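The values are calculated or read from the model by the stated rules, or taken from the named source; none is laboratory data. Just so it is clear, the model here is predicted, and its values are computed rather than measured. Note that each Cβ is placed from the backbone with ideal geometry, even for glycine, and that neighbours are counted across all protein chains shown. For accessibility, only protein heavy atoms count, side chains too; no ligands or nucleic acids. Shrake-Rupley method; radii C 1.70, N 1.55, O 1.52, S 1.80 Å.
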Amino acid sequence: MTHNLGVDVGGTFTDVIVFDETTHEITIDKVLSTPSNPSEGVVHGIEEATVKANTSVSELDLLFHGTTVVTNMLLEETGSRVGLITTAGHEDILHLARAWTPGPLYGWMDMEKPDPLADLVDTHGIAGTISSPDGKETESLDEGEIRDAVRELEAAGVESLTVALLNAYLNPEHEERVRKIIAEEAPELPVSISSEIVPEYGEYERTLTTVINDYARPTVIEYLEDLDDSLADADSTATMNVVRSDGGLMSSKAAKERPVELALSGPSGGVVGAATIASKKGVPDVLTLDMGGTSTDVSLVEDGTPETTRQTKVGYREFKSRSVDVNTVGAGGGSIARVQLSGSLQVGPESSGADPGPACYGLGGDEPTVTDANVVLGRIPPGVQLGGRMELDREAAHDAVATVADERGTSVEEAAQAILDIVNENMHSALRVVSVEQGYDPREFGLVAFGGAGPMHANALADIMDAYPLIIPPGPGVMSAFGFLTSDIQNEFSETYLETEEDVDGRDVYEKLQDLEAEATDWLVSEGVDETDHEFEYFAECRYFRQDIQMSIPVTIENLRGETGLAEIKGDFESRHDRQFGFSLDAPLEIANLRVIGKGTLQGVTIEEQELTDADPSAAEIDDNDVYFSGDTYETPIYDRTKLRPGNEIDGPAIVTDDDSTVVLQPDHSATIDRYGNIEINRGEGQ
Amino acid sequence: MSSSTPAFVGEHDIDQTTLDIIESTLSNTRDEMDRVVETTAISPVIREQSDQFPLIADAEGRMVMGQFGSAIDTILANSPFEREDLEDGDVIATNDPYMCAGAVSHTPDMLLLRPIFYEDDLVGFSSQWGNLMDVGGKTPGSMPVQASTIFEEGMRLPPVKLYKQGEIDSELLRSFAHNTRLPEHAEADIKALAAGTKAAETRVHELCDRFGKETYVEACDAILDRTRNGMVDLIHEFIPEGERYTFEDYVDDDGMGNGPIKLHLEIYREGETVYLDWTGTDEQVPGTVNFLLNEKMFKMFTGVFLIMAFDPLLTFNDGYYDLFEVTLPEGSVIQPEFPASLGNRLPLMARQFDVLQATFSKLIDGFSVAGSYGTSPNLVYAGTDSDGNEFQMLEILYGGIPARPGGDGLDGHSWWPLFRTVPAEYQEAYYPLTIDEYSTRADTGGAGEFRGGHGITKIYTFEEDGAITFQDDRAHTYPWGVDGGKHAQTSEKKLIRADGTEAELPSKVENVAVEARDKLVFSTAGGGGLGDPLEREAAVVAEEVERGLLTETAARSDFGVVLTENGTVDEAVTDDQRDEIRANRDGLQKFDYGPLPDDETLEARIADERRTFENRNN
């Protein structure tokens, strides 16, 4: 029991990081994912990485596992057949989908609306109503009707069942009763009830979220069971932790109950890891930039904690599940550049994917991509591996970018620079949504860049936003797997409240939060967390009466019992409303939801501090290359990152190559290698 | 055409990439303005039914980004101040359609306009408008069905400075809000709109900081020019020169017994100019359905249609203003004269889109869209509950989206972008009613190779005495089918009293008293079908029967699809059935308007329906 292991299952690659608890050494490994039988690739990766780290599966202590299995299932619509039991008269809830069509005007002409995840054929309405807002039963259930519905659905071949009844958030009794009946009639079928998955008002989102849970459940159960079995066969006694969309962890057992919480399991790891690394460096407020082949995820970290949201979006579907507030934009290395009819240059969201990939892969792609633009400008030096290929086809990249140059009447270098400027601008816009629009000034934040392509573009973005220092952590290509190792056991417990300050006092809120804390405690105990390690955070989701925002205001629970009651919450809410929107209102405060997050800390990894050596980086310089930056060509040194030592300083321009990514240091910037092995970039000359 | 080429056309001294960046930033800013308003507004009608009405204009008042065209000139002309009197931090407010040439088309829409200054120079404007819950007048919600002048439709603010140099004129706001039924809502929502315009100001300042003021101003010109160029290409490619194309359709009635109301549009091209002529459209009507159509807005709608159909990435703006020449006959139902009432302009607004689509369907080869559910139906339920608290609910409903080129219409979706239904759980929590049903109306979408979307049925049980006001349309006329596709079914309204008696209601009623336990069954129309229904894949028809979206009867009679006992397609019988239908029909029509009687019969029927309804309720 000497090692911890983080494993991140992506669509193409599975990344593994092994941490040696004795020597604090980190080993990185990458294997191909096996989408047809996902657990196979994971086990293979774990076995290979443990061997590489000179240990064995039986020596593993803690396992941290993030996966895109649920994300892909939603995007590719490959989940299970779900039966839906809902209130009679509301059977079409998912089909009607709140009537939404996309903008602008005439957006409906091009809208592609996928079929509901629970087919109308498998949706049954049942009698029984609960009144609102008092939550009283106004019509009782008809048990015979429910039994018939369950039998019919089971006979039809559904693989899981969702129970989502109108107003169940006010009173879950009907849903619980239906679940009991299902347990009697069809004990094999997994069942979720909406009042447990999302105990909040809003029937469409609650139903959708619960259906997604059941859509993913049979596959996730099978997957995690296979994994447990395979690891047991390899004599593993390690504790399995599964990474949630909000960056927290839960047990394999809990994940099988609530797979909807895994929808953004992958991207959350990178953000949590970035937050940890930046905090360790003393930069607790950072923006994060995770740029891959087809898309970029950005987020904001304040005081070492990633911002979270309760709206999670995967493809067309937006549902209620807590996740790290990741804003995704279709900008990646494979994004295709096209000149529009009006003459404007668009980059992405279309992507060349992995096959044929950018023109420079030489696999037949002939459309210009962001990677091709980087190649043309000399930012990807010879010898760098991309997409697993040693030799890049520079001529193909040049020819592809030349098509844009021809249409715009510019040189090929200018066209390539324009492609980079536009894709950087797209990422800048995404970063603005998580910062400026939320009332944060990016100049007060650092920037952490990772993912395969992030370190190549981050310097330009830091420059546009004036967000420094820019931090490129070690192993930027496996940041998610690293981040998993830094996560805590975590779950949230919430309740719809919908009370205004005129009707309740602080004591009432206090009591409700205590109830939620008790629920959180039970869960942490069931997850095996020692009571002394429990930590709780309390939130009131506030708005002015009848507004639709829910601003999550952190609550100091003891203060609720005092004289001031809710005044502190209201004060915090108003100042945040004012900061973000520039005005406050003379209207009562409404608390829409109360929420408690229960945490149990795990020690997955320790970040090593190293001695600083001298500033001279010349031992790591391996080559030089002509690189083009905004109109000028510079003779630019190339460094091997593995040879750089803490304390080394580099003046821009420079290129730093690594196993899994290339760092571009722009002119008028300088970099230092810090004591944790990060590359820290700032504007201006080095000290 | 006679008018000269706009000044922004020509060479632009700006780096193309900088231009792309400024264009995309302004486009994102438009979205941000919406997000700010949606999150901070109080009224569900703004929040949940997200109205997308932001606009960013240049210093000349030309819309650079937005989708409704700019009426800034008219607003300033109708204000007591000159352009030079505008100062940093001012915000102009108006909700009078006649003071902004219909840029907002009924009184509940409050429009805010903020001049944007940079280094003491005017560099542009931002504007945002939203539908307030109430602005006073004779009915809750301020959208009376039966009013003959705009004076009955609430408090009107002419263009005045609501904010002066950043300070809100709270006495003005208070005076306005005081005249509404929901003053707190009005104040909050107006502040939310102002915050939306402020967001644009901040972004424009940042662009000027980053690229310089001159570059920003040059970029605005270049963006207008780019769009104009793109539109010139679209016009040449898709609009044939020489031929004249016309289309006619009707709005049912004005809610006071007058109808049907004809819309007539003719489109033709000469050179680069496209002429859109509404001559032949009926005169204004006594009721509130008159729609003061803003000329620039209509040009924008036309351009947006072409862009969305053929080049969805082109930016919409006033750049193509001079390429369209529009005739709006004075005194017609789309250009009514002051003080005609305008409260319920949605049926005509929606029909104007239908007619535009239909005319384009005629003139553009291989591109057709059918008719839609015909308005944005809405319902107001208001009263005083047993505890003495006043309540007022306003909700927009949806119907069948027409069949589209290459695809079915959507069931119960919104033709207007980004609207969402208000959750039943929200309605039940905040208002005294229950939602007993919210469902798809099977068989109501027009049959076709591509099926029109179905309408919906929503059933409300009222829990307190009160009154309801609602408007819908397409109760007498049918959303048409196109290219062999069938017309859709009409809308219907029924009140089921607590004692079990039932009454059909017209599609537009005002202040109908309801009592606790009364039920309202609100059914909207479907959308028309496209293409020959006999060409629709039989297996898809069978699936829709299984899902309850079509009845077996309709599958057989409309699509010629006959099912076996276990619900699969009976291939042989289906072939026979389809052959038989084919043999007995008189070819395929370009447009199927449904079984409409002649104009006079329809007119009499509409007048009679109203008379019967009034007699019953008085």
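Going through (1) crowded, with 19+ Cβ neighbours inside 10 Å; (2) modelled with pLDDT under 90 one by one, A:Leu84 falls short only on (2).
Within region A:162-199, the set of residues being aliphatic (A, V, I, L, M) and either within 19 Å of A:Glu261 (Cβ to Cβ) or within 14 Å of chain B (Cβ to nearest Cβ) (or both) comprises A:Val163, A:Ala164, A:Leu165, A:Leu166, A:Ala168, A:Leu170, A:Val191, A:Ile193, A:Ile197, A:Val198. Can you tell me which residue within region B:470-512, out of those that are among the aromatic types (Phe, Trp, Tyr) and assigned to a loop (DSSP other than H, G, I, E, B), is least open to solvent (accessible area, probe 1.4 Å)? Going through the qualifying residues, I end up with B:Trp480. Residue count for region A:424-433, restricted to those that are open to solvent by less than 10 Å² (accessible area, probe 1.4 Å) and either part of a strand (DSSP E or B) or more than 20 Å from B:Thr18 (Cβ to Cβ) (or both): 0. Restricting attention to region A:550-579, the residues being open to solvent by less than 40 Å² (accessible area, probe 1.4 Å) and within 12 Å of another protein chain (Cβ to nearest Cβ) number 2. Please specify each residue of region A:126-159 satisfying the condition of being open to solvent by less than 40 Å² (accessible area, probe 1.4 Å), touching a helix residue (DSSP H, G or I) at 6+ places or on another chain (Cβ under 6 Å) and facing another protein chain (nearest Cβ under 10 Å). Within region A:126-159, A:Ser132 is the sole residue that qualifies. Among residues of region A:110-125 that are more than 7 Å from chain B (Cβ to nearest Cβ) and assigned to a strand (DSSP E or B), those with a beta-carbon under 8 Å from a residue that is of a type in the set (A, V, I, L, M) and surrounded by fewer than 20 Cβ atoms within 10 Å (Cβ to Cβ) at least six positions away or on a different chain give the pairs A:Gly125/A:Ala88. Among what's in region A:580-591 and is assigned to a loop (DSSP other than H, G, I, E, B) and touching a residue at least 12 places away in the same chain (Cβ under 8 Å), pick the residue that is farthest from the other protein chains (Cβ to nearest Cβ). By that ranking, first place goes to A:Pro588. When region B:273-301 is limited to residues that are in contact with a strand residue (DSSP E or B) (Cβ under 6 Å, 6 or more places away or on another chain) and part of a helix (DSSP H, G or I), the one that is most open to solvent (accessible area, probe 1.4 Å) turns out to be B:Glu295. For region B:513-547, enumerate the residues that are open to solvent by 60 Å² or more (accessible area, probe 1.4 Å), in a strand (DSSP E or B) and not basic (Lys, Arg). The one that is open to solvent by 60 Å² or more (accessible area, probe 1.4 Å), in a strand (DSSP E or B) and not basic (Lys, Arg): B:Ala513. Residue count for region A:452-488 under the criterion of being open to solvent by 10 Å² or more (accessible area, probe 1.4 Å) and assigned to a helix (DSSP H, G or I): the result is 8. Those strands (runs of 3 or more DSSP E) of region A:169-256 in which at least 1 residues are surrounded by 19 or more Cβ atoms within 10 Å (Cβ to Cβ), in contact with a Phe, Trp or Tyr (Cβ under 9 Å, 6 or more places away or on another chain) and of a type in the set (Val, Ile, Thr), considering only elements entirely within it, cover A:239-243. Scanning region A:520-561 for residues that are within 27 Å of B:Tyr426 (Cα to Cα), under 27 Å from the mean Cα position of the chain (by Cα) and not in a loop (DSSP other than H, G, I, E, B) turns up A:Tyr538, A:Phe539, A:Ala540, A:Glu541, A:Cys542, A:Arg543, A:Met551, A:Ser552, A:Ile553, A:Pro554, A:Val555. The single condition among (1) more than 12 Å from every other protein chain (Cβ to nearest Cβ); (2) more than 22 Å from the chain's Cα centre (by Cα) that B:Thr40 does not meet is (1).
Number of residues in region A:655-685 that are closer than 16 Å to A:Asn459 by Cβ and under 31 Å from the mean Cα position of the chain (by Cα): the value is 21. Only one of B:Glu337, B:Glu325 is surrounded by fewer than 22 Cβ atoms within 10 Å (Cβ to Cβ), more than 14 Å from chain A (Cβ to nearest Cβ) and not in a loop (DSSP other than H, G, I, E, B). Can you tell me which? After applying the criteria, what remains is B:Glu325.
Residues in region B:205-228 that are more than 29 Å from the chain's Cα centre (by Cα), closer than 20 Å to B:Ser127 by Cβ and open to solvent by less than 10 Å² (accessible area, probe 1.4 Å): B:Leu207, B:Cys208, B:Tyr216, B:Ala219.
Scanning region B:7-18 for residues that are within 11 Å of chain A (Cβ to nearest Cβ) and either touching a Gly at 6+ places or on another chain (Cβ under 9 Å) or closer than 28 Å to B:Phe419 by Cβ (or both) gives a single hit, B:Gln16. All conditions in (1) assigned to a loop (DSSP other than H, G, I, E, B); (2) surrounded by fewer than 18 Cβ atoms within 10 Å (Cβ to Cβ) hold for B:Phe391, with the sole exception of (1). Checked against (1) under 23 Å from the mean Cα position of the chain (by Cα); (2) open to solvent by 10 Å² or more (accessible area, probe 1.4 Å); (3) of a type in the set (Gly, Ala, Ser); (4) more than 7 Å from every other protein chain (Cβ to nearest Cβ), B:Ser439 passes all but a single condition, namely (4). For region A:617-637, indicate whether the set of residues that are modelled with pLDDT of 90 or more and in a loop (DSSP other than H, G, I, E, B) is non-empty. Yes, region A:617-637 has at least one match.
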